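The values are calculated or read from the model by the stated rules, or taken from the named source; none is laboratory data. Keep in mind it's a predicted model, so treat the numbers as computed, not measured. Please note: Cβ atoms are built from the backbone with ideal geometry, for glycine as well, and neighbour counts cover all protein chains shown.
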Amino acid sequence: MTTRRAPAPQLRIGLAGFGTVGQSLARLLLEEGPRIEELHGVKLSLAAVANRGVARKRQPWVPPGVRWLEDPLALATDPGVDVVVELMGGLEPAGTLVLGALSSGRSVVTANKLLLARRGEEIARAAREGRAALGIEAAVAGGIPVLRALRESFTGDRLLGVTGILNGTCNFVLTEMERTGRAFGEVLAEAQALGYAEADPTSDVSGQDAAYKLALLSRMAFAQAVPVEAVRVEGIDRLLPCDFVYAAQLHRTPRQLGLSRLLPSGRLLLSVRTHMVAVTSILAKVAGPFNAVQLTGEHGGDFVLYGRGAGGAPTATAVLADLVAVARGGAATAPPLGFEAFAPFAAAGPEESVAPFYLRFVVRDRPGILAEICRCLAAHGINIEAVWQAPWADKDALPFVVTLEPVAEAELSRALSEIAALGFHAAEPLALPMTP
Ligand SMILES: NC(=O)c1ccc[n+]([C@@H]2O[C@H](COP(=O)([O-])OP(=O)(O)OC[C@H]3O[C@@H](n4cnc5c(N)ncnc54)[C@H](OP(=O)(O)O)[C@@H]3O)[C@@H](O)[C@H]2O)c1
C-alpha cells in the first residue's frame, strides 16, 4: 500500500517594497522554496509585488504569474494574499499597511525597526485581535535570530543586560579607523563606496538606527514599554585618529555599543554610544560590518549571538524563516514581542550610571593645563586612574588622555562642563566609558 502525502499548505505572499531586502527575498523564495516544501512541508509562493513606480521595478527573473501593483495598501485586503511582507521601511504607508493587513486577518512579516520601535505594541495588539501571526525577526540585527531567542529561548532566565554591536556601518568605520589610522570622514566615504553606508549616513553614524533596535530589544528582554527617546544617543563622528593610538596603549578598542541594563532598582539604563572596550572581550573581536548581541542572564550568564546584521541576503533569510513559521503555526505562536503586556518604562537617572571613563583632551599646549583639569576633577571627588600622553608634533592641537576610576556620570558631566569652559581646548573634550 502506498501512503500519499497531503498537499503542502500554501501561503500566498504579498510583498510590499521591492528594494534591497525585497528583491533578495524574492530570489531566495525561488531558490529555497522547493527545499522548504520538501523539508518543512509548506509551500510559499510569491503572489504579488507592490512598489511605487512599479513599472521600473519589474525583473525578468520573477515568475510570470506574480502580479505587480502600484499601491502597497491594496495588499492589506487582497483576496489572493494570505501574508503581507512589509519591506518598504519608514512609518507610512508601512504602518497603515501592517495594521490593515492584521485587522483583516492576514499575517504580516516585517523588517521595519522604526515602525516596531514606535508602534510595536499597537501592532502586536492588532495581530492578537485579528488572530493573525506577526513575524519581526529581521527588524533587529538582520540575519541574527536574536528576537526569536529572546522570545523563546531566554524565558527560563531573568535577563539583566543586553549589549550589542547593532550597526554594521559604525562597526565598519571604527574598525577601519583602527586598522588604517585614517580619519573618520575618509573611512566613512569608503564605507559609502563599498555599500556599507547609505548615501545619507546620519541615522547610522548618529546612533539613531541602533537606538531603534535597542528599544525593541529592551522591550523584549525586560517587558517594559521602552520608548526610543529613552535611549541616550551619541554618534561616532567625534572620534579622532589619536583615540585609536591611546586605545591601543590601554589594550582597548572603540566600539559603538547599544547597552541596556536592568539595575537592582528595577530601572533601565539605556544608551548607544562609543565605549572603550577591553581587547579581551568577545565584542572587541567583532570587526567590519558584522553585528553581535550579548544577552546576560542572572542564572545563565553571558550568551553572544554573532553574524551578519544587514545586507539583502542575510536579512531575507530572517524574513523567510518568519514566513515558514507563519505557514507552520499561523497565529498560534508566542506573542510577537515576547509578552502580552508591558510594565511602564522606568528610567534610570545619570546618577545611577557609574563606569570608569576615558577622557581625551586636545589642547593648545601651555604649562599648567593638566593641573587645572586635575583640580576640577578633584573638586567633584573624581579619582584619576592614569594620565597618558604620547609624543605629538602639533603643540597647538596636543592630545592627551586621563583615565578615571569608576565615577557617577552625573558628577562627571558637571566636572566636564567646567573643564570645557577653560580656554585651552583645540577640540571639545571626549568622554567614553571603559567596558570590560
Ligand atoms: N538593507 C538592510 O540591510 C536591512 C537590514 C535589516 C532590516 N532592514 C529593513 O528592511 C526594510 C527594507 O530595507 P531595504 O534596505 O530593502 O530598503 P530599500 O532598498 O530602500 O527598499 C525599499 C523599497 O520600498 C519601496 N518603497 C519605499 N517607500 C514606498 C512607498 N511609500 N510606496 C511604495 N513603495 C515604497 C522603495 O521604492 P523606491 O525604489 O521608489 O525607493 C524600495 O523599492 C526597512 O524597514 C529596513 O529598515 C534592512
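Going through 127, 138 one at a time, which residue ends up being within 16 Å of the ligand (Cβ to nearest atom), assigned to a helix (DSSP H, G or I) and farther than 30 Å from residue 243 by Cβ? Walk me through it before giving the result.
On the way: 127 fails: within 16 Å of the ligand (Cβ to nearest atom).
Sole residue among the options that is within 16 Å of the ligand (Cβ to nearest atom), assigned to a helix (DSSP H, G or I) and farther than 30 Å from residue 243 by Cβ: 138.
Only one of these conditions is not met by residue 85: (1) more than 26 Å from residue 118 (Cα to Cα); (2) outside any loop (DSSP other than H, G, I, E, B). Which number is it?
The failed condition is (1).
From 198, 186, which residue is charged (D, E, K, R) and in a loop (DSSP other than H, G, I, E, B)?
On inspection, the qualifying residue turns out to be 198.
Pull up segment 7-65, narrow it to residues that are out of contact with any strand residue (DSSP E or B) (no Cβ under 9 Å at 6 or more places or on another chain) and of a type in the set (Lys, Arg), then point me to the one that is farthest from the ligand (Cβ to nearest atom).
Out of the qualifying residues, it is 35.
Looking only at residues in segment 66-81 that are in contact with a helix residue (DSSP H, G or I) (Cβ under 7 Å, 6 or more places away or on another chain) and assigned to a loop (DSSP other than H, G, I, E, B), which one is farthest from the ligand (Cβ to nearest atom)?
81
For residue 242, only one of the following conditions fails: (1) under 18 Å from the mean Cα position of the chain (by Cα); (2) part of a helix (DSSP H, G or I). What is its number?
Exception for residue 242: condition (1).
With respect to residue 233, determine if the residue is under 22 Å from residue 287 (Cα atoms) and of a type in the set (Val, Ile, Thr).
For residue 233, the condition - under 22 Å from residue 287 (Cα atoms) and of a type in the set (Val, Ile, Thr) - is met.
Just checking, does segment 295-318 include any residue being surrounded by 21 or more Cβ atoms within 10 Å (Cβ to Cβ), at pLDDT 95 or above and assigned to a strand (DSSP E or B)?
For segment 295-318, residues surrounded by 21 or more Cβ atoms within 10 Å (Cβ to Cβ), at pLDDT 95 or above and assigned to a strand (DSSP E or B): present.
When you scan segment 146-154, do you find a residue that is of a type outside the set (S, T, N, Q), in contact (Cβ under 8 Å) with a residue 24 or more places away in the chain and within 14 Å of the ligand (Cβ to nearest atom), even just one?
Yes, that holds for at least one residue.
If residue 19 meets every condition in (1) under 22 Å from residue 313 (Cα atoms); (2) more than 25 Å from the chain's Cα centre (by Cα) apart from one, which number is that one?
(2)
So, of the residues in segment 246-271 that are loosely packed, with under 15 Cβ neighbours inside 10 Å and not aliphatic (A, V, I, L, M), which turns out to be nearest to the chain's Cα centre (by Cα)?
Checking each candidate, the answer is 266.
Within segment 89-98, restricting attention to residues that are touching a Leu at 6+ places or on another chain (Cβ under 8 Å) and in a loop (DSSP other than H, G, I, E, B), which residue is nearest to residue 122 (Cα to Cα)?
91
For segment 185-200, which positions are in contact (Cβ under 8 Å) with a residue 24 or more places away in the chain and surrounded by fewer than 20 Cβ atoms within 10 Å (Cβ to Cβ)?
Matches in segment 185-200: 198 only.
Restricting the search to segment 402-436, which residues are assigned to a helix (DSSP H, G or I) and out of contact with any Ser or Thr (no Cβ under 8 Å at 6 or more places or on another chain)?
Going through segment 402-436, the residues assigned to a helix (DSSP H, G or I) turn out to be 409-420.
Passing the criteria: 411, 412, 413, 414, 415, 416, 417, 418, 419, 420.
Check segment 216-229 and report whether any residue there is surrounded by fewer than 19 Cβ atoms within 10 Å (Cβ to Cβ) and on the phi > 0 side of the Ramachandran plot.
Yes; the residues of segment 216-229 include at least one that is surrounded by fewer than 19 Cβ atoms within 10 Å (Cβ to Cβ) and on the phi > 0 side of the Ramachandran plot.
In segment 149-159, how many residues are surrounded by fewer than 19 Cβ atoms within 10 Å (Cβ to Cβ) and assigned to a helix (DSSP H, G or I)?
Result for segment 149-159: 3.
Out of segment 294-329, which residues are farther than 22 Å from residue 87 by Cβ and either among the β-branched types (Val, Ile, Thr) or within 13 Å of the ligand (Cβ to nearest atom) (or both)?
Within segment 294-329, 296, 304 qualify.
Among residues belonging to segment 82-116 that are surrounded by fewer than 23 Cβ atoms within 10 Å (Cβ to Cβ), within 8 Å of the ligand (Cβ to nearest atom) and not hydrophobic (A, V, I, L, M, F, W, C), point out the one that is nearest to residue 229 (Cα to Cα).
Only one residue fits best here, namely 90.
What number of residues within segment 201-227 satisfy the criterion of being touching an Asp or Glu at 6+ places or on another chain (Cβ under 7 Å) and part of a loop (DSSP other than H, G, I, E, B)?
2
Taking the stated definitions as given, is residue 158 within 22 Å of residue 320 (Cα to Cα), more than 16 Å from the ligand (Cβ to nearest atom), among the basic types (Lys, Arg) and at pLDDT 95 or above?
Against the criterion (within 22 Å of residue 320 (Cα to Cα), more than 16 Å from the ligand (Cβ to nearest atom), among the basic types (Lys, Arg) and at pLDDT 95 or above), residue 158 does not qualify.
Can you tell me which residue is nearest to residue 166 (Cα to Cα) among those in segment 329-339 that are at pLDDT 90 or above and surrounded by fewer than 21 Cβ atoms within 10 Å (Cβ to Cβ)? Before the answer, list the steps.
If we filter segment 329-339 for residues that are at pLDDT 90 or above, which is where we start, we get 335-339.
Then drop every residue that is not surrounded by fewer than 21 Cβ atoms within 10 Å (Cβ to Cβ), which leaves 335, 338-339.
Numbers: 335: 23, 338: 20, 339: 23 Å.
Step by step, filter segment 329-339, then rank; the result is 338.
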